[in-house]
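Okay, structure first, notes after.
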Amino acid sequence: MSAAQELIVGEFKRVLDERFRLSIPSELADRLAAGSPRCMLTKERVGCLGLWNAEIWQAKLRADVELVKGKLAAGKFDERVGRLQLLGRLLSTRDTEVSLTGRGRLLIPEGFREFLGVEPSGEVMVVGAGVSVEIWNPPAWIKYVEERMPKFRSLLGHLSS
């Protein structure tokens, strides 16, 4: 995240239409897209999808994958082939490029729909996550917030010091 980029924050209740389309609030979409409709949709945790600026996501992923490739070339994974296979499987299914239409409309593709766990015409929570936007199954969002809200003050203090 560049120093000039604003934090993406806010919480909005939305409804998926019958075709699994979702309108991302302009307050979030404008900060996320930064002039380009290209975004990456990611599987974050069961019941939660992430929506990232494509350039930011791809640069971060590329840097991480290059580190893994370097370790692989150095023979550091000889004893951990299973973990490397797991990484490969997860990389294969983790993200996909999507486009936001002019009104911030997003089509959630198959495979991501099941991971989110919301039916057509179902409600979702669209949440600003600082550097990305998240789309949550409402019960999963409530559980996540309940577990983490008690740590808010110490997290803010840690990040701001």
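What FRET efficiency would be calculated for the residue pair His158, Arg80, taking the C-beta separation as r and a Förster radius of 25 Å, to the nearest 0.05? Efficiency computed from Cβ-Cβ geometry: 0.20.
Note on the chain: dipole from Cβ charges, positive end direction compared against Val46, Ile142, Ser161; the farthest Cα belongs to Ser161. The dipole here belongs to the chain: it is taken about the Cα centre, uses +1 on the Cβ of Lys and Arg and -1 on the Cβ of Asp and Glu, and is about 360 debye. Rg ratio for the chain: its Cα radius of gyration over 2.2 N^0.38 Å, N being its residue count, equals 1.14.
Just to verify a number: FRET efficiency for Leu72 and Arg148, C-beta to C-beta distance, R0 = 41 Å, to 0.05? The pair Leu72/Arg148 has a calculated efficiency of 0.75. Pairs of Lys residues in the range 11-160, spaced 8 or more positions apart or belonging to different chains, with C-alpha separations under 17 angstrom: 4 in total.
When only C-alpha pairs under 8 Å and at least 6 residues apart count, what is the relative contact order of the chain, in percent? Value for the chain: 39 percent.
A short reminder: the numbers here are calculations on the coordinates, not readings from a lab. Only a predicted model underlies this, so the values are computations on that prediction, with no experimental measurement involved. Here Cβ is always computed from backbone atoms with ideal geometry, including for glycine, and neighbour counts include all displayed protein chains.
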